[in-house]
1. Between beta-carbons, use under 13 Å as the cut-off and find the net charge around A:Glu63, counting Lys and Arg +1, Asp and Glu -1.
2. Just for chain C, what percent of DSSP beta bridges are antiparallel, to the closest 5?
3. So for the pair B:Ala158, A:Ser118, with labels modelled 7 Å out along Cα→Cβ, what separation do we get in nm?
4. Could you pull out every residue, at least 5 positions away or on a different chain, whose amide H is within less than 5 Å of the one on C:Ile178? Hs are placed 1.01 Å off N in the peptide plane, and Pro or chain starts have none.
5. Select from A:His95, A:Pro70, A:Ala34 the residue farthest towards the positive end of the dipole of region A:1-144; place +1 on Cβ of Lys and Arg, -1 on Cβ of Asp and Glu, and compute about the Cα centre.
6. Take the Cα radius of gyration of region C:1-79 and divide it by 2.2 N^0.38 Å, with N its residue count; two decimals is plenty.
7. Evaluate the Kirkwood expression for the hydrodynamic radius of region B:61-177, namely the inverse of the mean inverse distance over all pairs of different C-alpha atoms, and round to one decimal in Å.
8. Once each part is reduced to its C-alpha centroid, what is the distance from region A:1-36 to region C:105-133 in angstrom?
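Derivation of every value follows stated rules applied to the coordinates shown; laboratory data play no part. Keep in mind that what you see is a predicted model, and the values were worked out from it rather than measured. When we count neighbours, we look across all protein chains shown, and the Cβ atoms used for this are built from the backbone with ideal geometry, even at glycine.
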Amino acid sequence: MNALEIKDLNVWFGDGAARTDAVKHVSFDVAEGASFGLVGESGSGKSTVLRAIAGLVPTWSGEMRVMGEPLGLTRTPKFYKTVQMVFQDPYASLHPRQTVDRVLSEVLGLHGFKDIDSRIDKLLRDVGLGPGFRFRYPHQLSGGQRQRVAIARALAPEPRVLLLDEPTSALDVSVQAEILNLLADLRAEHGLTYIMVSHDLGVVGHLCGEIAVMQTGEVVEVLGVEKMRALQAEHPYTKHLLESSIGAVR
Amino acid sequence: MTATADKQSMREWLLAEEPTSRRQARAAAWYQGWLSFRSNTLAMVGLIILVFLILCAIFAPLLATNDPFAQDLAARLKPPGWEGHFFGTDSLGRDIYSRLLYGARISIYIVLLVAMVAPLLGLVIGTISGYMGGWVDVLLMRFTDIFLAFPRLILALAFVAALGAGIENAVLAISLTAWPPYARIARAETLTIRNSDYIHAIKLQGAGTARIITRHIWPLCISSLVIRVTLDMAGIILTAAGLGFLGLGAQPPSPEWGAMISEGRKYILDYWWVATIPGLAIFAISLAFNLLGDGLRDVLDPKEGGQ
Amino acid sequence: MTDASTNLLDIENLWVRFPTRNGIFDAVRGISFSLGRERLGIVGESGSGKSMTGRAILRLIRKPGFITADRMEMDGEDILNVPETRMRKLRGHKASMIMQDPKFSLNPVMTVGQQITEALRTHEKVSKAEARKRGLAMLDRVAIREPERVFDLYPHEVSGGMGQRIMIAMMLIPGPEILIADEPTSALDVSVQLQVLEIMDELVRERGMGLIFISHDLNLVSKFCDRIVIMYAGRIVEVCEAGKLHEATHPYTRGLLNSVPDLEHPRDRLEVLQRDPAWREAPSVSALL
């Protein structure tokens, strides 16, 4: 079964003359358990696709299905139990006045779990944080630790699909490695489906099996990671992207 | 010995890197705030003045040397220091020092009432307006604009005229004129907060609008409102005094500071202390609130804090 | 006049310290380095003190932070104890700095042209027409295709990559000898990153300037620098030739190199840096020439 099916998705902002089309006729499928990457430069609409799936952008047309069920204009509680999201900037995605405990217990409460204490302990252990972090405020945590908390929050409702919006771009490379390893472990452990947005081909190539390349709101090419690693892209834009990111390394 | 040891371990408990309970985490957050507040000398001066004034108000019956209402026409308009009257007497021979102490009760009463009503009203209207957007926003903000368009004292006067003179009505009138700026601040804060990722994240967990506003947006708006309220307190006290001065606030026998100045006005050239001493009291409390507000801004402002 | 034998910068035992409630925080802890007419890379993670080092060179540390050093010389001139007025002259004239995001470093209410000519005219007495001519030439040098048009644009009307090239033009027009680039391309897209860096590199070499390139990206730095200084917790843990980066021995440097996911050489698990507390305490390595 496909965890996610997107058909002819269009997303726009503004109306009339001020209308800008951020995403144009985007279609792709993601099989359950797969890890799908969306790559592009700033303004390519890659994050907007993710936000449209999450229900954070109301102005879209087309067809979106999660686990076979079509998505409407509003999201149901069931959707929130199936799909969760991890945001780019761990410094902006945690409420500055709430402790880790407060964040996780509220989320668990919202999903109707009863054994909140033991679940918080397990979630923190799952993301590699000890119980010592439970009562800390975000400003007492490093960037990597914050992102782990954000991942724990996303895992709280035991979702099947995780939307990852540049989850490591605000982190140092050594911390990025830790988070990427954690994400890989969690996927193996919980059988999660990932849809990951990134501008970094190395990161996407490391975590994803299939990659869609976006430019100015359109998907220009979808290719398997093997092809990408072998630098066998069809579309000139993909080739250009590959060259620039390899060029920066060599 | 044990007392210092206890103090030491208390401090350690409060500054622990790894709090072990909700209570400890919260206490530690407050303690950190207190530490940074304490390092601000001027704010501490403000706090000390305020605590002093509050103590004066509470213990007014013990500290007062005379009955604040007792008239003694034989001893009217006596200068400060005359026969045990620290600050002299007013036109009806009442002891100004004692009246000042009882007047502190009225001022603090006004401050507390206004501080409860106006910011709360502003917070509710501002956050709903900011978070909902669309026509709700337009409607609520135009409503706010109408209130903002009136000069504050004139609007308060109109309310008092409609409701009748008296201290409670004065408070109500001040509150009703004071809330629009708070609504503006709360709305502006909400507009920046509502698009942040932590609000998106909680929305994605299925949280409803009411929960997001009260549990996630309010805690962040409240600090800037508290700052603003403390800074505005001086103005509120002055407005209350102004109403008293115009005879529309506290009514004559009551020792409200503004009313006292109003009474002293007639004699200001010959008997300066009758108006000056309550004036100094108003000055002291206004200054104290301003200093406190500045200090609170350093502690509470989320933009500065968290570093 | 500048003598080819003196270094552009000589800094010995530099500390940058910030008093906090819990005592003094040392952002930079006693580092020594010099800059010749070369391209020097300073690499480290966030919090390693690399940006503070860059700012300290121009004495741009904000209060209550302060700098102490045994010696700080720019082109043979002591810059540790000179008055602020002299320092202001040196900034721009002798040494300039490019920051991370052009969005925040360009003045939003002045046109690109005004900002470039102002940068020139504060350091040199030139006529308006002359300044404009040189500004246009400079824009052309940073590969801006229609300099006449861009000259009259406001910063919000240009893209990030172009903004950063404009910054380079602005910083280089007074003809400084030292350029400090603090993460000059991390706010830019990958495909423009290289272009901007290549332009910067070309200009720096052409003019025989000294470049300090501060970045978290070891690979990028090794591509554009001659010598690399690796910082950890406010100290220098290793200094190496850019070409010999892959022979670096310090476990921190090795860890940084290995934790980057490599498209062409995939691994199942990325190597995770095991931080040794001893790195923090080890004495700073000298990067003096």
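1. Values: positive: A:Lys7, A:Arg65; negative: A:Glu5, A:Asp8, A:Asp29, A:Glu69.
It works out to a net charge of -2.
2. Working: 25 of 45 bridges.
Roughly 55 percent of the beta bridges in chain C run antiparallel, per DSSP.
3. Distance between the two pseudo-spin positions: 6.4 nm.
4. For C:Ile178, the qualifying residues are C:Ala95, C:Ser96, C:Gly210.
5. Final value for the positive-end residue is A:His95.
6. Numbers: Rg = 13.5 Å, N = 79, 2.2 N^0.38 = 11.6 Å.
Rounded to two decimals, the normalised Rg is 1.16.
7. Values: mean 1/r = 0.0577 Å⁻¹.
So the Kirkwood estimate lands at 17.3 Å.
8. The distance from the Cα centre of region A:1-36 to that of region C:105-133 comes to 45 Å.
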